[in-house]
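Undergrad: Quick one: the structure is below, questions incoming.
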Amino acid sequence: MTASENLARLGLTLPKVPVPLAAYVNCVRTGNLLFLSGGLPIDGEKKILGQLPRDVSIEEGQEASRMIVLNRLAVIEAEIGSIDLVTRIVSVNGFVSCAADFYDHPKVINGASELLLEIFGDRGKHARTAIGVASLPLNAAVEINLTVEVE
């Protein structure tokens with residue numbers, strides 16, 4: 001199945017491409033690589049804000065990670081025309097806004113990694129970083145950026 005077919009099978013749709021909040025672009029292409037700026041878990045009125053675990057549970061953090069993947073896939077589709085042209089998810093860098101004694105960053109970013117595997121299969125296997133930070137833009141609970149290889 002193609003990535004688009006897997007997305008539909010999962011009952012998911014891509015959101016509207018977000019507008020960058022500052023002096024940057026959503027995506028830069030060099031050769032066959034796309035470097036995607038960090039995405040936040042904001043989709044219209046739906047937002048996942050605050051710190052883990054005080055304001056946001058691990059499960060909500062995983063949902064935030066999945067929201068960001070869909071957000072970043074919308075950027076890819078806008079850039080190259082179809083997510084079916086992705087040949088490999090190269091890397092995922094996840095940042096979790098959390099208390100100093102929170103150590104489950106990998107569990108939160110697994111929401112993104114597992115969704116990428118469901119959509120892209122083996123092409124979704126990637127290198128990854130999952131770290132905790134004191135705060136993120138707009139009080140977002142999670143921020144994720146991607147490097148993607150395309151046709």
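Undergrad: Based on Cβ point charges of +1 for Lys and Arg and -1 for Asp and Glu, what charge dipole magnitude is obtained for segment 49-144 about its Cα centre, in debye rounded to the nearest 20?
TA: 260
Undergrad: For residue 129, list long-range residues whose amide hydrogen, built 1.01 Å from N in the peptide plane, is under 5 Å from its own amide hydrogen.
TA: 92, 93, 94
Undergrad: Name the residue farthest towards the positive end of the dipole of segment 49-144 from the options 126, 76, 112, assuming +1 on Cβ of Lys and Arg, -1 on Cβ of Asp and Glu, about the Cα centre.
TA: Sorting the options by dipole projection puts first 126.
Undergrad: Follow-up. With Rg and Dmax of the Cα atoms in Å in mind, check (1) 14.4, 48; (2) 14.4, 42; (3) 18.2, 62 and report the label derived from this structure.
TA: Computing Rg and Dmax of the Cα atoms in Å and matching it to (1) 14.4, 48; (2) 14.4, 42; (3) 18.2, 62 gives (2).
Undergrad: Now for a separate question. Between residue 22 and residue 54, what's the calculated FRET efficiency when r is the beta-carbon distance and R0 is 30 Å? Round to 0.05.
TA: E between residue 22 and residue 54, to the nearest 0.05, is 0.70.
Undergrad: Next up: Using Cβ contacts closer than 10 Å as the measure, can you line up 30, 147 from fewest to most?
TA: 30, 147
Undergrad: Next question, about the same structure. Using only DSSP helix segments of four residues or longer, with each worth -39500 (n - 2.57), what per-residue ellipticity at 222 nm results for the chain after dividing by its residue count and rounding to 500? It would help to have the intermediate numbers written out before the result.
TA: Details: 3 runs with 46 residues, N = 151.
Per the formula, -10000 deg cm²/dmol.
Undergrad: Counting only DSSP beta bridges with both residues in segment 49-144, what percent are antiparallel, rounded to the nearest 5?
TA: Values: 4 of 12 bridges.
Close to 35 percent.
Coordinate-derived values only; no laboratory data. Treat the numbers as computed from the prediction; the structure is a model and nothing was measured. With ideal geometry, Cβ positions are generated from the backbone for all residues, glycine too; neighbour counts draw on all protein chains shown.
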